[in-house]
Each structure stands twice: as C-alpha cells, then as structure tokens.
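Only one structure is covered here, and it is reproduced in the block below.
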Amino acid sequence: MRGRAGPKWSGVKRLPLIQPQTSRRAFLTSTAVGALAIVPLAALACSKKLVCTDVSKLKADEQQARSAVGYKEPTPEPAKRCDNCAAYTPAAADQCGACSDVKGPIHPAGFCNIWRQKG
Ligand code: SF4
C-alpha cells in the first residue's frame, strides 16, 4: 500500500492570498479613484439641493417686480451674487435667504439687475 492518499485538491498549488505591494497599491488607487468620483457627486448633490425659484406664495405684483429686476440663479456674473449684495439677508446654510428689495426666496448665488456691493 502506498502512503495515505491526500484530499483531491492536494495537488493544487496554493497561491499566496495577499500580495502586499500589489494589494496596497490597488487599494490606494481604488480609494483615490473612489474619492475623486464621490467629491463631484457630493458637490452636485449639494448644489442641486437648494432651489429658490418657488414664487407661488407671492402676489402677482410681487412676482412681476421680481421678474422686472431680472432675478436669476445662478448668477451670470460670478463676482456679483446675492450673498455679497447689500440687500441680502442670509439664512441657514441650506436655506434660501431673503432680500430687502425683491420678495420671495433668494438663493445666495442668485443675482438681479439692482445688485449693489455689500459695504
Ligand atoms: S437686490 Fe438683487 S442681487 Fe441683491 S440680494 Fe436682492 S435679488 Fe439678490
């Protein structure tokens, strides 16, 4: 009788489960790529969250006045934003602010034609 027979898989060459340098590099690469993918998505989600265009609670003349000054968001002029305008009153970080001259919700990154530099 020849020696004890091993399990059927005994002839399979075992490979090391972890190859440290390759695994670390692969982990760091995948982590960096994952982080880079998440940041723009998070920024997009945040920027889409706040919308201040609902004027349904305003009277018709208030809506008309808002349109007359050309309120829009986001601003077409990056240096001129509601949050650096003298008429703007900020709210909580994820809330629409207010304006002393234009009724309705005001986006911090909004703009209108009567913008004036906050002093
Ligand atoms: S005046 Fe115009 S630019 Fe200034 S806060 Fe009001 S809506 Fe924004």
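Taken together, the values in this text are just the output of simple stated rules run on the coordinates, not laboratory data. Small disclaimer: the values here were computed from a predicted structure and weren't measured.
When every alpha-carbon pair in segment 51-95 is counted, what percent end up more than 14 Å apart? Value for segment 51-95: 61 percent of Cα pairs lie more than 14 Å apart.
Please tell me the relative contact order of segment 45-114 in percent, rounded to the nearest whole number, where contacts are Cα pairs under 8 Å and at least six residues apart. 41 percent.
Derived scalar couplings between HN and Hα for segment 98-112 equal 9, 9, 6, 10, 10, 6, x, x, 10, 7, x, 9, x, 6, 8 Hz in order, rounded to whole Hz, by the Karplus curve 6.51 cos²θ - 1.76 cosθ + 1.60 (θ = phi - 60°), x for Gly and Pro.
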